[in-house]
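A short worksheet on the structure shown next.
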Amino acid sequence: MHPNPAFRVEDRARHIEFARDRAFGVLAISGDGAPLISHVPFLLSEDGAVVDLHLVRSNPIVRMLHGPKEVRIAVQGPDGYVSPDWYGVADQVPTWNYVAVHLTGQLELRPQDELRNLLDRQTAFFEDRLLPKAPWVTGKMSDDALARMMRMIVPCRMQVEDIQGTWKLGQNKPEDARIAAADKVPGGFGSETGQLAALMHKA
């Protein structure tokens, strides 16, 4: 997380809402060498206390889960480069604005008989966003195909112990300068720069 307190919006509810909506992040766990990393979709409970996810059985992280292990899920939001020229004031430097929320806690394997329920909940969460499309459900698969797929993955649950967020949106700049830069951000480069610009306007 960014050390500047101007960017550390300590609003737990906002962090939870952001992470629940994104529902995709980078799972990291420390090993003997470099940390092990997986990119995972997940479900975060409304109170931010529990993350449910699944991993491919052959994932090296699964082999580390012989008991609860401390992990972190980094959830990345919109980001983009900010040119010093865009502020309209002197003596500025290039920077990168972004939103990120980190979920930290204990990850453990769950009983395999919980997997179907997890898959159904995850599918419903994502398919509901595709309305008016009729939702895909696991019941559309043949029993054999679904059983084969489910043998390849394992359910996991993380008990969340800490949630921190960085909302680096130019809050340390004069309002006119921040808004001037926000107006230019969509024409620059990064990820979801239109959303980033909207957040900068509201910062």
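FYI, it's all coordinate maths here, none of it is from the lab. These figures come from a predicted structure and were not determined experimentally. Because the Cβ atoms are built from the backbone with ideal geometry, glycine has one as well, and the counts that use them run over all protein chains shown.
For (1) over 23 Å from His15 (Cα atoms); (2) in a helix (DSSP H, G or I), each residue gets a yes or a no:
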{"position": "Gln106", "(1), (2)": "no, no"}
{"position": "Asp113", "(1), (2)": "yes, yes"}
{"position": "Asp120", "(1), (2)": "yes, yes"}
{"position": "Val154", "(1), (2)": "yes, no"}
{"position": "Asp162", "(1), (2)": "no, no"}
{"position": "Gln171", "(1), (2)": "no, no"}
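Filter the range 164-183 for residues that are surrounded by fewer than 19 Cβ atoms within 10 Å (Cβ to Cβ) and under 16 Å from the mean Cα position of the chain (by Cα) and give the result. Break it down into steps so the answer makes sense when it comes.
Restricting attention to the range 164-183, the residues satisfying the condition of being surrounded by fewer than 19 Cβ atoms within 10 Å (Cβ to Cβ) are 164, 171-172, 174-177, 179-180, 183.
The one that is surrounded by fewer than 19 Cβ atoms within 10 Å (Cβ to Cβ) and under 16 Å from the mean Cα position of the chain (by Cα): Gln164.
Looking only at the range 184-203, count how many residues are closer than 21 Å to Met1 by Cα and buried (at least 16 other Cβ atoms within 10 Å of the Cβ).
9
Hey, among the residues in the range 70-97 that are surrounded by fewer than 17 Cβ atoms within 10 Å (Cβ to Cβ) and among the charged types (D, E, K, R), which one's farthest from Ile37 (Cα to Cα)?
Asp91
Do you know which of the residues in the range 18-69 that are outside any strand (DSSP E or B) and acidic (Asp, Glu) is nearest to Asp162 (Cα to Cα)?
So the residue we want is Asp47.
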